[in-house]
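Participant: Quick one: the structure is below, questions incoming.
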Amino acid sequence: MQDDSVQSADAVEPEQEVESANEVGSAHASQVRLPFRPPVLMWGLVGIGICIEQFLPSPIDLHLLVRVGLGILMMFGGAMLMRASGRVFGSHDEVFSHGAKTAVLVTDGVFARSRNPVYVAATMMMLGLGLLADSSWVLLIVFGIGVPLLHFGVILPEEQYLTETFGDEYAAYRKKVRRWL
């Protein structure tokens, strides 16, 4: 008969597993806290711009083919940049989620050209949508409100988190690669 008070070397209490996992990755155990989720912010601002457009129309003064062509180009380019960003993240077993803990500083692929290619891609897609919707309001709100909110409410807190998490490695990356483009 086996004594229930004795555990095998393989048996570990769940609380002990969490503690040991946090100890092992303690430098990467915290996560960035943001006042809002970036996709919700950007899509919300586009929605607000389109609603304002219904009451105070301000069409973009561009030829239809130019406006639609630029809109499609921005949407497609943004989508491709987002996809490339996702692939690089995936190759490092990282995800886009702000709730996830960061284990690796991703500096290759599109991240070798921009520290924030995901936000560049999202901004491109929102601007493309504004062009396709023929809405100066969307362009104005995305540039005038969305980009500053992303910068101060998301990017700067993320940079602080990455500085605390990766120290000199992130400092060297910041010196080498631009924030946006």
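Participant: Among residues belonging to region 167-181 that are in contact with a Leu (Cβ under 9 Å, 6 or more places away or on another chain) and surrounded by fewer than 18 Cβ atoms within 10 Å (Cβ to Cβ), point out the one that is farthest from Leu105 (Cα to Cα). Talk me through it step by step, then tell me what you get.
Facilitator: The initial filter retains those residues of region 167-181 that are in contact with a Leu (Cβ under 9 Å, 6 or more places away or on another chain), namely 169-170, 173-174.
Okay, now just the ones that are also surrounded by fewer than 18 Cβ atoms within 10 Å (Cβ to Cβ), so 169, 173-174.
Details: Glu169: 8, Tyr173: 9, Arg174: 11 Å.
In this case the residue turns out to be Arg174.
Participant: Further question: For region 59-85, name all the residues that are in contact (Cβ under 8 Å) with a residue 60 or more places away in the chain and exposed (fewer than 14 other Cβ atoms within 10 Å of the Cβ).
Facilitator: Of everything in region 59-85, those that are in contact (Cβ under 8 Å) with a residue 60 or more places away in the chain and exposed (fewer than 14 other Cβ atoms within 10 Å of the Cβ) turn out to be Pro59, Ile72.
Participant: Another one. Could you check how many residues of region 44-58 are surrounded by 11 or more Cβ atoms within 10 Å (Cβ to Cβ), of a type outside the set (Gly, Ala, Ser) and in contact (Cβ under 8 Å) with a residue 60 or more places away in the chain?
Facilitator: Of the residues in that region, 6 qualify.
Participant: Have a look at Asp134, Asp108 and point out the one that is closer than 30 Å to Gln54 by Cα and acidic (Asp, Glu).
Facilitator: Values: Asp108 fails: closer than 30 Å to Gln54 by Cα.
Only one candidate qualifies: Asp134.
Participant: Take Thr107 and tell me if it is out of contact with any Leu (no Cβ under 7 Å at 6 or more places or on another chain), in contact (Cβ under 8 Å) with a residue 40 or more places away in the chain and buried (at least 20 other Cβ atoms within 10 Å of the Cβ). Give the steps one after another, and end with the answer.
Facilitator: Numbers: out of contact with any Leu (no Cβ under 7 Å at 6 or more places or on another chain): yes; in contact (Cβ under 8 Å) with a residue 40 or more places away in the chain: yes; buried (at least 20 other Cβ atoms within 10 Å of the Cβ): no.
No.
Participant: Between a residue in region 163-181 that is in contact (Cβ under 8 Å) with a residue 60 or more places away in the chain and closer than 16 Å to Tyr119 by Cα and any residue that is of a type in the set (Lys, Arg) and surrounded by 13 or more Cβ atoms within 10 Å (Cβ to Cβ), which pairs come within a Cβ distance under 6 Å, given they are 6 or more apart or on different chains?
Facilitator: Val177/Arg115; Arg179/Arg115
Participant: Then there's this: Can you tell me which residue is surrounded by the most Cβ atoms within 10 Å (Cβ to Cβ) among those in region 121-162 that are touching a residue at least 60 places away in the same chain (Cβ under 8 Å) and of a type in the set (Val, Ile, Thr)?
Facilitator: Out of the qualifying residues, it is Val138.
Rule-based calculations on the coordinates, nothing more; no lab input. Note that this is a predicted model, so its numbers are computed, not measured. Because the Cβ atoms are built from the backbone with ideal geometry, glycine has one as well, and the counts that use them run over all protein chains shown.
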